[in-house]
Amino acid sequence: MQRGALLDAARSLLSEGGTEALTFPALAERTGLARSSVYEYFRSRAAVVEELCAVDFPVWAAEVEAAMEGAETPEAKIEAYVRRQLALVGDRRHRAVVAISAGELDAGAREKIRAAHGGLIAMIVEALADLGHAQPRLAAMLLQGVVDAAVRRIELGAAENPEEITEAAVAMALRGVRG
C-alpha cells in the first residue's frame with residue numbers, strides 16, 4: 001500500500017514539476033511518511049522512475065493495443081497506433097515516465113525501457129507488413145520516431161495545438177511527406 005502511494009505521489013510530482021520536483025523529501029511530504037521510510041522502498045530517484053515504467057508502461061501499451069484491435073484495416077491500425085499514443089501524452093502516467101531522461105537511469109533500467117518500447121514497436125509491424133513494406137520492422141521504428149517527435153512537440157507546448165500535431169503525425173504516418 002505504501003509503495004503504491006509513493007508511486008502515485010511520484011507521478012503527481014513529475015507531472016506537476018518535472019524532474020526537479022521528484023525528491024525524497026517531497027515524496028515523504030506527499031505521502032505522510034518519514035523521509036527515511038521512502039528510502040526503505042526506493043534507493044534513488046532512478047529506482048522510482050524504473051518502477052513507474054514497469055508499472056505504467058504495460059498499461060499504456062495495452063491501451064494502444066486495444067485501440068489497434070478496434071481497427072479493421074492496416075491503415076486504420078496505423079492511425080489508431082499514432083492517435084492513441086498522442087492522446088496519452090497528457091496522461092500523468094505518461095508524463096511521469098518521460099519526465100526523467102534515460103541518462104539518469106542505470107543500464108539495467110534503460111534496457112527495461114528499451115525492451116518496453118520494442119514491444120510497442122512490435123505491435124505495428126504486422127500492419128506495416130500487410131501494407132507491403134519490404135522491411136516492416138524498420139518502417140515501424142521510423143514510424144515510432146514520428147510519434148516520438150510529435151510527443152516531444154506536444155510536451156513542449158509548441159505553437160501548434162495538440163490536435164494539429166496529432167493530425168500532422170497521422171498524415172505523415174499514412175502518406176509520408178507528400179502531405
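The values are calculated or read from the model by the stated rules, or taken from the named source; none is laboratory data. Everything numeric here is computed off the predicted structure, so don't read it as measured data. Don't worry about glycine lacking a Cβ; one is built from the backbone with ideal geometry, like all the others, and counts go over all protein chains shown. For accessibility, only protein heavy atoms count, side chains too; no ligands or nucleic acids. Shrake-Rupley method; radii C 1.70, N 1.55, O 1.52, S 1.80 Å.
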> For segment 127-161, which residues satisfy the criterion of being in contact (Cβ under 8 Å) with a residue 12 or more places away in the chain, open to solvent by 40 Å² or more (accessible area, probe 1.4 Å) and more than 23 Å from VAL89 (Cα to Cα)?
Replying inline: ASP130, LEU131, ARG137
> Among ALA150, ALA115, which is at pLDDT below 90 and more than 12 Å from ILE78 (Cα to Cα)?
Replying inline: ALA115
